[in-house]
2 protein chains.
Amino acid sequence: MYEMTRETLTRDRILRGALAVADTGGLAALTIRSLATELGVKPMAVYHYVANKDEILDGLVDQVFSEIDLPSPEGEWREEISRRMVSARAALRRHPWAIALMESRRTPGPASLSRHEATLATLRQGGFSVVAAAHAYALIDSYVYGFAVQETSLPIGRPEEMGEVAREIMETFEGAYPYMTEIATEHVMQPGYDFGDEFEIGRELVLDALEVLRRRGG
Amino acid sequence: MYEMTRETLTRDRILRGALAVADTGGLAALTIRSLATELGVKPMAVYHYVANKDEILDGLVDQVFSEIDLPSPEGEWREEISRRMVSARAALRRHPWAIALMESRRTPGPASLSRHEATLATLRQGGFSVVAAAHAYALIDSYVYGFAVQETSLPIGRPEEMGEVAREIMETFEGAYPYMTEIATEHVMQPGYDFGDEFEIGRELVLDALEVLRRRGG
DNA sequence: GGTCATTTCGTACATAGTACGGTAGCGTCA
DNA sequence: TGACGCTACCGTACTATGTACGAAATGACC
């Protein structure tokens, strides 16, 4: 009779539900009980498909990774890696809680592994030596993850409010932090400013750095 | 009679205790009760000095920031920024839980602000335009934070065990992940490999990129 | 020594994860 | 057709956590 009222539960449905809960309410809002409610089920039903909450969290991380476009080893490396970076950043922006999760979960899921593989393939095919590919990989992910960390830990909201925050900083600290005041007034508070735009600038610089690595072979 | 058996509690003592607990047992081990035990006090005593646990976590983040050497605006920018990057990475390595915390706490503490200010000062004094300094700042922190994220999410342990993990990956996935296998056998499993060494390589590349920003003025 | 402010604690409650065993709907075989 | 068992789901309850609330202990000052 279960199929009539709702689809039967699956591990996948659980993960998708967890993703939805985390996206709307943040990681803190994701409890077994809230997840069960989201799924239209009682809490303990979940435990038929996952051993514990940690397993759900591991699954979530992999879910996010699976949203990242894989680079194609046949394509031009710079293009492909650039696309992958943009895609990764977009995914981490859609799911700002993901970075914090990644820190604690050290068991890579299938999507994570595929991503590693595809990226390494693209680099190697693009003319990077093994060692250069290793260096490149560390740099790429450092930049993408680090940017995501900064983006999610920006004081409160998204783009627009930044101006407001900057104004407050200025008013409160003015004399104490002259350089912050300077950058706030002359840059951050300017109309059209969006921290997210920094991503493209840094990305191009990182890609240039990769080219250096590629040419010098490590 | 308290001064005989122990110093009186202070907000600072609480934060230092919390840092100790988190360092030895990870963030999960940091509970009000465990913290109280560490301090030789009953749980509710803590609440006389902090409003809630979140405030402790905010304090912890700032505590970690305070361990990062401030760059000196009078020094040569490349030298100073480099030192700051190394110092930041070292701090984040000492306190691997800090990155995950940073994601959620968006209220910067005094140490965080000082660090921002000193870094901006160094860049501006070093010849970066306002806009270039903004770009530079985003790039620097992205790299440092992102590297820390990667470092803490490395499968399990520190340096040495990496070789072991790589072997397992190889055995398990061999055919499925040829490029990962390649990099594992030819690089990661080589004696003396340490992921941490990647930091210096990426750091130099980032510093080169900063020089580009500086010269072109944004 | 009495009063008061400060600091510490005891108790208790809501919410979290989840162990354990029960139950209900389905297919299978006699 | 009915007994049985398997799978999916649920009810109850235990433990740990953050923390509200008010009591108690301590030290300062008259």
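The values are calculated or read from the model by the stated rules, or taken from the named source; none is laboratory data. Keep in mind that what you see is a predicted model, and the values were worked out from it rather than measured. Cβ coordinates were reconstructed from backbone atoms using ideal geometry, including for glycine residues, and neighbour counts include every protein chain displayed. Surface accessibility is based on the protein's heavy atoms, side chains included, excluding ligands, DNA and RNA. Shrake-Rupley method; radii C 1.70, N 1.55, O 1.52, S 1.80 Å.
With respect to B:LEU70, is the statement that it is over 30 Å from B:LEU210 (Cβ atoms) and away from DNA strand C (no atom under 16 Å from the Cβ) true?
No: the conditions fail for B:LEU70.
Would you tally the residues in the stretch B:169-218 being open to solvent by 40 Å² or more (accessible area, probe 1.4 Å), within 30 Å of B:GLN125 (Cα to Cα) and facing chain A (nearest Cβ under 8 Å)?
Residues flagged as open to solvent by 40 Å² or more (accessible area, probe 1.4 Å), within 30 Å of B:GLN125 (Cα to Cα) and facing chain A (nearest Cβ under 8 Å) within the stretch B:169-218 amount to 3.
For the stretch B:11-28, enumerate the residues that are within 12 Å of DNA strand D (Cβ to nearest atom) and open to solvent by 40 Å² or more (accessible area, probe 1.4 Å).
Residues satisfying the conditions are B:GLY25, B:LEU27, B:ALA28.
Out of A:ARG78, A:ARG83, A:ARG94, which single residue is open to solvent by 30 Å² or more (accessible area, probe 1.4 Å), over 21 Å from B:GLU151 (Cα atoms) and out of contact with any helix residue (DSSP H, G or I) (no Cβ under 9 Å at 6 or more places or on another chain)?
Only one candidate qualifies: A:ARG83.
Is it fair to say B:ARG106 is surrounded by fewer than 16 Cβ atoms within 10 Å (Cβ to Cβ) and within 15 Å of the chain's Cα centre (by Cα)?
Taking the combined requirement at face value, the residue does not satisfy it.
Any chance you could count how many residues in the stretch A:46-60 are surrounded by fewer than 15 Cβ atoms within 10 Å (Cβ to Cβ) and away from DNA strand D (no atom under 15 Å from the Cβ)?
Number satisfying all stated conditions: 1.
Go through the stretch A:46-67 and count every residue that is near DNA strand C (Cβ under 9 Å from one of its atoms) and under 15 Å from A:HIS116 (Cβ atoms).
Final tally of qualifying residues: 0.
Could you count how many residues in the stretch A:36-45 are near DNA strand C (Cβ under 8 Å from one of its atoms) and either in contact (Cβ under 8 Å) with a residue 12 or more places away in the chain or open to solvent by 90 Å² or more (accessible area, probe 1.4 Å) (or both)?
1
Can you go through A:SER129, A:SER112 and tell me which one is within 11 Å of another protein chain (Cβ to nearest Cβ) and at pLDDT below 95?
When all the criteria are applied, what remains is A:SER112.
Exactly one of these conditions fails for B:VAL64: (1) of a type outside the set (Phe, Trp, Tyr); (2) within 14 Å of chain A (Cβ to nearest Cβ); (3) touching a residue at least 60 places away in the same chain (Cβ under 8 Å); (4) more than 16 Å from DNA strand D (Cβ to nearest atom). Give me its number.
Every listed condition holds for B:VAL64 apart from (3).
Which of (1) in contact with a helix residue (DSSP H, G or I) (Cβ under 8 Å, 6 or more places away or on another chain); (2) within 16 Å of DNA strand D (Cβ to nearest atom); (3) of a type outside the set (D, E, K, R) does A:THR31 not meet, given it meets every other one?
(1)
Can you name every residue in the stretch A:121-150 that is assigned to a helix (DSSP H, G or I) and open to solvent by 10 Å² or more (accessible area, probe 1.4 Å)?
Selection gives A:ARG124, A:GLN125, A:VAL130, A:VAL131, A:ALA134, A:HIS135, A:TYR137, A:TYR145, A:GLN150.
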